[in-house]
1. B:Arg292 versus A:Ser395, label points 7 Å from Cα toward the beta carbon: distance in nm?
2. In what order do A:Asp260, A:Asp345 fall by count of nearby beta-carbon atoms within 10 Å, going from fewest to most?
3. Simple spin-label model, 7 Å along Cα-to-Cβ: A:Asn375 to A:Glu155 in nm?
4. So what are the ³J(HN,Hα) numbers for the stretch A:150-166, from phi and the Karplus equation (6.51, -1.76, 1.60; θ = phi - 60°), rounded to whole Hz, Gly and Pro as x?
5. Can you divide the C-alpha Rg of chain A by 2.2 N^0.38 Å and report the result to two decimal places?
6. Residues with beta-carbon under 12 Å from that of A:Gln140, excluding A:Gln140: net charge, scoring Lys, Arg +1 and Asp, Glu -1?
7. Treat the count of other C-beta atoms within 10 Å as a stand-in for reagent exposure and order B:His41, A:His403 from fewest to most.
8. Could you list which residues have their amide H under 5 Å from that of A:Gly206, counting only those 5 or more apart in sequence or on another chain, with H placed in the peptide plane?
Amino acid sequence: MRSQIEGSQAVARAVALCRPEVVSAYPISPQTHIVEALSDLVRTGELSPCEYLMVESEFAALSAAIGASAAGARTYTATASQGLLYMAEALYNASGLGLPIVMTIANRAIGAPINIWNDHSDVMSQRDCGWIQLFAESNQEAVDLHVQAFALAEELSLPVTVNMDGFVLTHAVEPVDLPSQAQVDAFLPPFEPRQVLDPGEPVTIGAMVGPEAFTEVKVLMHAKQMQALDVVPRIASDFEDAFGRGSGGLLRTYPREGADTVVVALGSVLGTIDEVVDELRAENVDVAALGIRCFRPWPLEEIRQALQGARRVIVLEKAFAVGIGGIVGQNVRLALSGLPVPVFDVVAGLGGRPITKRSLHTLLADVLHERIEPNQLTFLDLDRELVQRELHRVSQSPRSGPHAENILRDVGTVAAGSH
Amino acid sequence: MSETIKLYQLGTFAVGNRLLDPDDRSVQADVERSNTLTSGHRACQGCGEALGARYVLDAAMRATAGNLVAANATGCLEVFSTPYPESSWQLPWLHSLFGNAPAVGSGIAAALRAKGRTDVRVVAQGGDGGTLDIGFACLSGMFERNDDVLYVCYDNEAYMNTGVQRSGATPPAARTANTKPVGDEPGNVFGQGKSAPLIAMAHEIPYVATATVADLHDLERKVERAMEFRGARYLHVLVPCPLGWGSAAADTIRIARLARETGLFPVFEAERGEVVNVSKIRGRVPVEEYLRAQRRFAHLFGEQPRTDVIERIQAGADRNIRRFGLLEEM
């Protein structure tokens, strides 16, 4: 049913349609509306049978999910930002144990400095934790990906995160078509794992594996992740057959492959990029957008296919690795290795800074007119003057201090105290 | 049999079942016991934790007719019982992480409730480091929510699995790998202490008990009592560690008994935050006898004995005796 609904509410309803038996939750913005809505659905009995655990930390939220999933329950949780980092140890544990937990990440920056707004620093910091990582571009896609995520997780016995941009999507009210319970029931079979914690058939799970078998276990984890490169498109195709709309998959290109210039991105910014692409194509600039919907496993071959004819690739990403640069950019370069396609790493939207059409037009013009070098790390809309001034000050007086507060002291503003 | 048997008439707490009513005999005396932690594991000789865990889990298995699931924290108990591909566990058992066993237990209990399997009960267990330090937030959360989990802490008073480092349960003056008997204040600091049982009681959960491996009948009885309640329960078992305490493997039971008889380790039961039963000291012993049996306190008895430190430890034991009423009424 199509309705005007907040992204978080829509996702909560989609999750409920998947009939999770255990939901564990801990509050962190901007994920809170999702688990609040699920609490309502459990309390009113609309989602039943389901146990809702409001725990004392994100670490406990995922730990409870691990116990519940190992006991054979379909299990869901959600988090963001610092919460995802606080889960880090349990993230690796869940994937290592092959537990098909589904988790929403309402993507948000990581501190310090503390910042509650959207970027992809959270999920990118955990990119190699063994979870399948899907990215939603719209709230409709977030809804659809959650339904697909449970099917994917349970088929491959791997945990799955569905990433949706914090606030930009979670708090946006827009039209969403929610599937019916009958549709979801037909698409998603009951959860029937091979091994569960059952007194009728006792198993030991989580034993200490030594050097004689550890590598093999890890290789099997990798092999299962790589199988997702086949399973993700198949489930997306099955979903389209069942629900009548395309959603998910590994990649999507707009408007078509084969453009001279391709902008690669993940998540909601693709909507803005598509509009810029339309405007530039109207001016006969041959540009296209490539959206990555599945970041882990990395669809290397598919990306190589999609980009190999391009004359240049711009990777616009909402996170970066301090000390080296672009993260998605590195992955794209790997996909293009041996091909003469220059890659431009552009970091944008950190800590919620808006990515505007105007800035994107400027960026595209700079790239097309060779005012930016490939392989040079570029920050969109950077206040260069402020950064240069602070770097200069530090070079004159190299003493340690917190970055953000150093700037304040430099401009004569003291945040606390009377002098 | 009308007369109440006092087990100490036999000089030991561990045998004497033939004199008891069948209903009062220990679970371990039953050939039908489940051997939940079965033989072949790799615990050290004289390991108090292995002994305690076997009694706890077999008693819990009997109390639940075998419908039991265990969550285990990282630590000695996990490492010595599950060297892949082997396992000593004869119940469904999950090890996740060091600090999350209470939360994993909560998750298992939630799954069982959702599936209508309320006949299956959950035990979560760990050592003192996993319980009092790294897992403390998860433990408190599980208590506060009153999740249907029996949490068992096997307390050997330090991080034994990683090589005997100090934990929040290490007693004052004890030598560990990072509180060595060097400097002016040898051994562990005299802090404020951290009584997990009292903190558990402050959550007003249905049942809290302490026990030692010196009185295994008492331990079994407390497990059975714990399983009569629904909700969060906490059992804190003192389990001497020959390796970490520097004691003879054959002395594990004796040292556990001395811990109780000195008053250093009060043995009691509490329901909903109120103490309901205290195991009285039968023959009071000065702490020196307990300390001398363990090399972790050897530096107190060197060429220049630290009588000042021993007196402080004795004062702690005396306080426990007053606070919990550990002596028989005169």
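1. About 7.3 nm separates the two model spin labels.
2. The order, fewest Cβ neighbours first, is A:Asp260, A:Asp345.
3. Spacing of the two 7 Å Cα→Cβ label points: 4.0 nm.
4. 5, 5, 5, 4, 6, 5, 9, 6, 9, x, 10, 9, 9, 9, 9, 5, x
5. 1.02
6. Every neighbour counted, the sum reads -3.
7. Starting with the residue having the fewest Cβ neighbours, the order is A:His403, B:His41.
8. HN-HN under 5 Å from A:Gly206: B:His95.
We did not get these values from a lab; they are worked out from the coordinates using the rules stated. It should be emphasised that the depicted structure is a prediction, and the values quoted were computed from it without experimental measurement. Reconstructed Cβ throughout: ideal geometry from the backbone, glycine too, with neighbour counts over all protein chains shown.
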